[in-house]
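All of the numbers you see were taken from the coordinates with simple rules; none came from a lab. Computed from a prediction, not measured in an experiment: that's the story for all the values here. A quick note on method: Cβ atoms are made from the backbone with ideal geometry, for glycine too, and the neighbour counts reach across all protein chains shown.
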Ligand code: TXA
Ligand code: MG
């Protein structure tokens, strides 16, 4: 299959290109498109065979449910068995935006889209191209991140092309995304709302809007937890680079010393070693394959660059990557959740 890549200027999304993309969605085909978090791989959410194509293109386990992307709050009402009281409050505060809500599904939503679950994940993305694709197609658009299953999520169209070229008919290129890590997922199907995946919208922001307790799924915090995460996707070794990733946390001077020592040992053993540093620490590391993820004080930049860096180390053929740790104040929890998973929970505390 030939993959057509169309550049769409977000401000003035090309009219005929968008019509072509929308027609593909209506025909049950796949179109990759930008959102504010990461690129998505879209298909008509209410057609079983369209959802099946997504799993096939990604090589994704079919028990891992998809997020349904919508353009109006009424779209959520149209696929939910009941609309939880919190949904309207959260939509008013955060939609369009990087928040996914889990609600009970009705019969319109096929099990192919929900991985066999009775609940459905719904999100209104804050990106002009995504919103136009949904509106123009007249469909609700199921979309996981547009990477091959297990690879880091794509934050640029080139990443999507790398993974999906020849597998899907079209990629809409809207440039680099703004946030760079996937949406926060909140489960509204139980008495107390629960965060199933941390993201740009934090627990504190959610609690402030709801005026009630919001829990965090215990299954996503500890690596050795007996408890399985509630979002099926969180149990897979996800977001993973090909290289072995090892995190080092602690006082900055000691972290630098430890990474330099370990990197030196591995290089001596013939390995190709990468280092993820910050603007502040960059100059203290030895070796050519040291890359800065941004300024430590700029959490947004760290989130935005993370997946791109992991992909770059793959392209350079790194065997091992050592990374500083980024438990920054606001979205540090989301960043560390992704990094810990990419590292398979290998962390050294110094
Ligand atoms: O930012 C995002 O959310 C991006 C963009 C494209 O919107 N999408 C995304 O989709 O990250 P994906 O498929 O890569 O991740 C969806 C996550 C998975 O961990 C999945 O298990 C979980 O959402 N999920 C989906 N439906 C669910 C449900 N009904 N109950 C629990 N977890 C669910
Ligand atoms: Mg994903």
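Counting other Cβ atoms within 10 Å as a rough exposure proxy, the listed residues 315, 187 run 315, 187 from fewest neighbours to most. Packing here is the average count of other Cβ atoms within 10 Å per residue, and on that basis the peptides 130-137, 28-35, 323-330, highest first, run 28-35, 130-137, 323-330. Using only Cα atoms, find the angle between the long axis of helix 252-268 and the longest principal axis of the chain, and express it within 0 to 90 degrees, rounded to the nearest 10. Between helix and principal axis, roughly 80 degrees.
So what is the orientation-averaged projected area of the chain, using the convex hull of its C-alpha atoms, in nm²?
Numbers: hull surface 69.3 nm².
The Cα convex hull of the chain, projected and averaged over all directions, gives 17.3 nm².
Order these by the 10 Å Cβ neighbour count, fewest first: 127, 345.
Details: 127 21, 345 13.
So the residues, fewest neighbours to most, are 345, 127.
Which value at 222 nm does the chain reach when only helices count, each DSSP H run of 4 or more adding -39,500 (n - 2.57), with the total divided by all residues and rounded to the nearest 500 deg cm²/dmol? Could the numbers behind the result be given before it?
Working: 11 runs with 116 residues, N = 350.
It comes out at -10000 deg cm²/dmol, rounded to the nearest 500.
For the chain, the longest principal axis of the Cα atoms and the long axis of helix 128-137 meet at an angle of about 30 degrees. Rg over Rh of region 244-349, using C-alpha atoms and the Kirkwood radius, what does it come to? Checking Rg against Rh, the ratio lands at 0.92. Kirkwood hydrodynamic radius computed over region 121-266 comes to 18.6 Å, based on all pairs of distinct alpha carbons. The mean sequence distance of close C-alpha pairs (under 8 Å, at least 6 residues apart), as a share of the length of region 244-349, puts its relative contact order at 40 percent.
The overall shape of region 93-194, judged from the alpha-carbon gyration tensor, is prolate: a/c is not under 1.5, and a/b is greater than b/c. Between the alpha-carbon centres of region 144-191 and region 43-111 there is a gap of 16 Å.
Can you classify region 1-149 as rounded, prolate or oblate using the Cα gyration tensor, where a ≥ b ≥ c are the square roots of its eigenvalues, rounded means a/c under 1.5, and otherwise it's prolate if a/b beats b/c and oblate if not? Can you show the working numbers first?
Working: a/c = 1.77, a/b = 1.20, b/c = 1.48.
Cα axes put region 1-149 in the oblate bin.
Across q = 0.15, 0.28 Å⁻¹, region 82-138 modelled as identical point scatterers on its alpha-carbon atoms has Debye log10 I(q)/I(0) values of -0.52, -1.11, in the order of the q list. Computed over every Cα-Cα pair of region 186-285 and binned at 10 Å starting from 0, the pair-distance distribution P(r) comes out as 12, 29, 25, 24, 9, 1 percent. For the chain, the relative contact order works out to 19 percent when only alpha carbon pairs closer than 8 Å and six or more residues apart are counted. Helix 332-342 and the long axis of the chain differ in direction by around 80°, with both axes built from C-alpha atoms. Among 279, 92, sorting on how many other beta-carbon atoms sit within 10 Å of each Cβ, with the fewest leading, yields 92, 279.
Rg(Cα) of region 1-61 divided by 2.2 N^0.38 Å? Each step should come with its number before you reach the end.
Values: Rg = 12.2 Å, N = 61, 2.2 N^0.38 = 10.5 Å.
Rounded to two decimals, the normalised Rg is 1.17.
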